[in-house]
Each structure stands twice: as structure tokens, then as C-alpha cells.
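Data first, discussion second: the structure below is written as C-alpha cells.
Coordinate-derived values only; no laboratory data. Small disclaimer: the values here were computed from a predicted structure and weren't measured. Counting neighbours? That spans all protein chains shown, and the Cβs are built from the backbone with ideal geometry, glycine included.
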Amino acid sequence: MERPPVSLTSLSAANNLLSQLKFIFCNNLLFTFFLCCSFFIKSFSSTDINVYRRRHLLDNGLGSTPPMGWNSWNHFNCKIDEIIVRQTADALVSTGLAKLGYEYVNLDDCWAESARDSEGNLVANKSTFPSGIKALADYVHSKGLKLGIYADSGRRTCTGTMPGSLNHEEQDARTFASWGIDYLKYDNCFNDDIKPTIRYPIMSRALNKTGCPIFFSICEWGDMHPALWAGDWGNSWRTTNDISNSWISMLYTADMNEVYADYAKPGGWNDPDMLEVGNGGMKYSEYVVHFSIWAISKAPLLLGCDIRNTTTETMVIIGNKEVIDVNQDLLGKQAKKVRMQGQRTLWAGPLSGNKVVVLFVNQSPRPTSMTAHWDDIGIPNNTVVEARDLWKHQTLETNFSDKLTTSSIAPHSCMMFILKPIP
């Protein structure tokens with residue numbers, strides 16, 4: 001969401017059962033304990049990785065892996081209505097994206113009337129959401145998906161078209177829970193200069209008080225370094241200002257987000273903003289780089305394009321299960337830039353099973369090859385590995401020890417590999 005100008009104004013059956021119970025009983029305190037326990041039973045096993053994950057989860061039990069889904073803002077801005085949202089939910093299912101993990105259907109700004117009702121409640125815009133948000137949530141849930149919504153921690157939302165939640169936190173949290181909302185993106189506009197470390201915990205506590213598990217996305221733009229404090233209150237936190245649909249903006253955003261890599265963990269993720277893949281501002285190879293960096297950065301994979309009209313090229317990128325699996329790896333460790341040589345950047349990070357993911361990015365206008373040395377990427381010397389190319393979907397015939405050197409990488413392109421030690 002852009003800042004406004006300064007102004008006054010596997011367990012599918014269990015998952016399905018749990019979802020149904022949540023929507024039926026979410027506001028009944030008699031079932032709160034059952035719901036919370038069910039989420040933890042569903043999410044964790046006795047493995048070391050899951051012990052690590054459980055240790056870091058918030059008490060809402062969500063965000064054990066980065067969220068995946070769609071958000072309306074990048075493509076539609078304020079031109080959003082319930083028909084588009086329903087059609088998007090349909091498209092996530094019909095394209096197979098839902099089966100890959102894209103489960104959240106998230107409304108951004110402009111969904112509500114400009115004023116609260118006589119009882120102080122937020123009200124859906126009668127022109128664009130005439131059926132109301134509860135009916136929309138029911139429809140999205142009927143598709144096996146989850147509905148997200150947008151609010152602001154100030155007096156107004158960032159477009160100025162909706163009331164903010166400042167001083168209405170508990171009331172709005174109850175409203176969202178009663179509608180069956182699964183995800184809240186909480187913005188930072190018109191905040192009366194109240195510190196975010198005061199405003200965001202209030203809504204976090206209000207959401208938990210409802211007894212309903214609602215993913216809490218802290219959209220603070222990175223101004224007060226939320227990676228340093230938001231892990232106690234949110235499931236994700238924006239580390240940067242808004243992304244733009246350009247190569248330069250995407251790389252700058254990725255670099256800013258990488259600074260906070262050590263703070264990402266199961267239950268709380270660095271958020272460099274929604275994906276621009278498919279919106280037409282970059283070349284195909286640049287969108288591949290965009291998606292690859294977000295995946296290894298354990299960023300939320302929230303699509304920002306028009307899912308109803310995705311091209312084959314876009315589907316190849318956002319539907320790459322091998323790359324998605326890196327993002328959803330249970331170890332939950334964000335990759336980092338480990339070597340930079342001019343406009344050649346090497347990213348690497350650990351995965352479960354002693355594997356390592358490496359991403360070679362050629363930011364230059366000329367083709368080049370690149371090398372990853374084991375010392376740079378955390379593999380013990382003399383270890384022999386096999387290399388899996390995640391964009392060509394093939395395992396290289398040659399095994400490697402001490403280093404991996406790529407073939408020529410085209411301008412503004414990348415190569416991505418998983419390196420697996422051979423016993």
C-alpha cells in the first residue's frame with residue numbers, strides 16, 4: 001500500500017474438518033480451547049525441526065511456513081469488488097495453484113464504507129461488496145481457501161477511503177472473527193505519531209482475545225525496524241516500503257529485506273511486499289529472478305497479478321513446485337547474499353536434510369558464469385554433492401566437490417540449485 005500524501009483527512013481431511021469447526025464455532029468460547037489445541041496437534045510432530053518451529057510460533061499457532069496466496073492491491077488497487085474476489089478464488093482452484101499452497105485470498109484497501117455504522121462497526125462497501133464480508137468469507141471457505149482482510153493502525157486507511165482501527169482494535173478484531181476472517185494485513189497510515197511498538201501489540205492482543213487463529217501481517221514499512229520487535233506480535237512484518245513493478249525496485253527491495261535475514265523464523269517472517277510476477281512491468285527472466293529471491297528469502301508468496309487471466313509464462317513461474325518447496329522448507333531459514341562481485345550476486349541458505357539452496361543472479365546486461373565455493377555457502381570442504389536445477393527441473397549428471405560453476409547466465413537472469421550431499 002502506498003503512503004498517502006500528508007493530509008489531515010497429506011492431512012487434507014483433518015484440515016477440512018478443522019476449517020469447518022473454526023467457522024462454525026469461532027465465536028463460542030466453549031470451543032476456543034479445542035480449536036487452539038487442534039491447530040497445534042495438526043501442525044507439529046516430534047522431529048527436531050518441528051520442535052524448533054513450535055518454540056518460535058506465536059500463540060495463534062500460525063505461520064509455521066511463509067503464507068501463500070493472493071492480494072488485490074498490486075493489480076487492482078481500489079478497483080476491487082466481490083465478483084473479482086470470488087472469481088479469483090475460483091481461479092486459484094481451477095489453475096491448480098491452491099493445491100500448490102496458495103490458500104489466502106486477501107482483500108486490501110477500499111473494501112469498506114467511509115464511515116462506521118451507528119454502533120461503531122466497520123461496514124462493507126454497499127456498492128462493491130453488497131453481499132457483505134461474511135458471505136464472501138463463506139464462499140472462499142467453500143473452495144477450501146481462506147479469506148484475508150485489510151485494516152490500518154491509524155485513524156484512516158492509506159487511501160483515506162476507510163476508517164482506521166486506532167482506538168477500535170478490540171471491536172474490529174471481534175468483527176473480523178465473526179466474519180470468519182483468517183488473515184489481517186494491518187497498515188501504518190494516519191497514525192498520529194503513536195509508536196508502532198504501541199499500536200501493533202494492541203491489535204495483536206485483540207486478535208488473540210477473539211480465540212480465533214488469524215494470521216497477523218504487520219505492514220509497518222520497515223520504518224522502525226520491525227524485524228527487531230515484531231516477532232512477539234505478528235506472523236510477518238514488512239521490512240521495506242512498497243515494491244514497484246520494475247527490475248530496479250525489485251532488487252532494491254530484496255536487498256533491504258536481506259538485511260534482516262537472521263530474524264526470520266517459523267511463526268514470523270520478513271515481508272518484502274507482494275509479488276509483481278505477471279503484472280507486465282518486467283521481462284520473463286526478471287520475474288524468474290523476482291520469484292526465486294522471494295522463495296529463498298522465505299518471504300510470503302502473495303501473488304499480486306490477475307489470477308483470472310494469467311499467461312502460460314506466469315503460470316510456469318508461480319507454479320514451480322520445486323521453488324515453492326524451498327520457500328516452504330520446514331527448517332525456515334532465510335537465505336542470504338554470501339558473495340557479490342560487481343553485478344553478480346550469490347545467494348545461499350540451508351534447507352532441511354543438510355541440503356543447501358544456491359541462487360546465482362546476473363544483474364548485469366551481459367552474460368556471465370558464476371561460481372559457488374563450499375566455503376561461501378556453508379558446505380564442508382571435500383563434500384561431494386549432487387546438484388538439482390530447479391528451473392530446468394533436472395539433476396545435473398556430474399557431481400561436484402568444493403565448488404559449483406554455472407554455465408553462462410543470460411543478462412538479468414538467474415540459476416537456482418539445491419545441493420544435496422552424497423554419503
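Residue by residue through the range 214-260, note down the ones that are surrounded by 20 or more Cβ atoms within 10 Å (Cβ to Cβ), among the aliphatic types (A, V, I, L, M) and within 20 Å of LEU58 (Cβ to Cβ).
Answer for the range 214-260, where residues must be surrounded by 20 or more Cβ atoms within 10 Å (Cβ to Cβ), among the aliphatic types (A, V, I, L, M) and within 20 Å of LEU58 (Cβ to Cβ): ILE214, ILE218, ALA227, ALA230.
Look through the range 269-287, keep the residues that are in contact with a Ser or Thr (Cβ under 7 Å, 6 or more places away or on another chain) and crowded, with 23+ Cβ neighbours inside 10 Å, and return whichever of them is farthest from TRP233 (Cα to Cα).
GLY278
Can you name every residue in the range 384-413 that is surrounded by fewer than 12 Cβ atoms within 10 Å (Cβ to Cβ) and among the hydroxyl-bearing types (Ser, Thr, Tyr)?
Result: THR398, THR405, SER407.
If you take the residues of the range 56-109 that are touching a strand residue (DSSP E or B) at 6+ places or on another chain (Cβ under 8 Å) and among the polar types (S, T, N, Q), which of them is nearest to ASP273 (Cα to Cα)?
Residue satisfying both the conditions and the ranking: ASN71.
Consider the range 306-348. How many of its residues are farther than 16 Å from LYS392 by Cα and in a loop (DSSP other than H, G, I, E, B)?
13
Only one of VAL326, VAL357 is under 20 Å from the mean Cα position of the chain (by Cα), within 19 Å of GLU103 (Cβ to Cβ) and among the β-branched types (Val, Ile, Thr); which? Before you say what the answer is, go through the steps one by one.
Numbers: VAL357 fails: within 19 Å of GLU103 (Cβ to Cβ).
Only one candidate qualifies: VAL326.
Only one of these is acidic (Asp, Glu) and farther than 20 Å from TYR102 by Cβ: ASP271, ASP242. Name it.
Numbers: ASP271 fails: farther than 20 Å from TYR102 by Cβ.
Only one candidate passes the filter, namely ASP242.
Can you tell me which condition SER297 does not meet? The list is (1) within 23 Å of TYR186 (Cα to Cα); (2) hydroxyl-bearing (Ser, Thr, Tyr); (3) surrounded by fewer than 21 Cβ atoms within 10 Å (Cβ to Cβ), and all the others hold.
Only one criterion in (1) within 23 Å of TYR186 (Cα to Cα); (2) hydroxyl-bearing (Ser, Thr, Tyr); (3) surrounded by fewer than 21 Cβ atoms within 10 Å (Cβ to Cβ) is unmet by SER297, namely (3).
Enumerate the pairs (first residue in the range 109-125 and more than 19 Å from LEU136 (Cα to Cα); second residue anywhere and aliphatic (A, V, I, L, M)) with beta-carbon separation below 7 Å, excluding pairs fewer than 6 apart on the same chain, so at least 6 apart or on different chains.
SER114/MET162; ARG116/LEU122; ARG116/VAL123; ASP117/VAL123
Test each condition in (1) farther than 25 Å from LYS185 by Cβ; (2) buried (at least 24 other Cβ atoms within 10 Å of the Cβ) for LEU303 and report the one that comes out false.
(1)
Which of (1) more than 17 Å from ILE80 (Cα to Cα); (2) assigned to a loop (DSSP other than H, G, I, E, B) is the odd one out, the single condition MET274 does not satisfy?
(1)
Check the range 349-364 and report whether any residue there is among the hydrophobic types (A, V, I, L, M, F, W, C), within 25 Å of GLY319 (Cβ to Cβ), in contact with an Asp or Glu (Cβ under 8 Å, 6 or more places away or on another chain) and not in a strand (DSSP E or B).
Yes: the range 349-364 contains one or more residues that are among the hydrophobic types (A, V, I, L, M, F, W, C), within 25 Å of GLY319 (Cβ to Cβ), in contact with an Asp or Glu (Cβ under 8 Å, 6 or more places away or on another chain) and not in a strand (DSSP E or B).
What number of residues in the range 334-363 are farther than 18 Å from ILE422 by Cα and loosely packed, with under 15 Cβ neighbours inside 10 Å?
3
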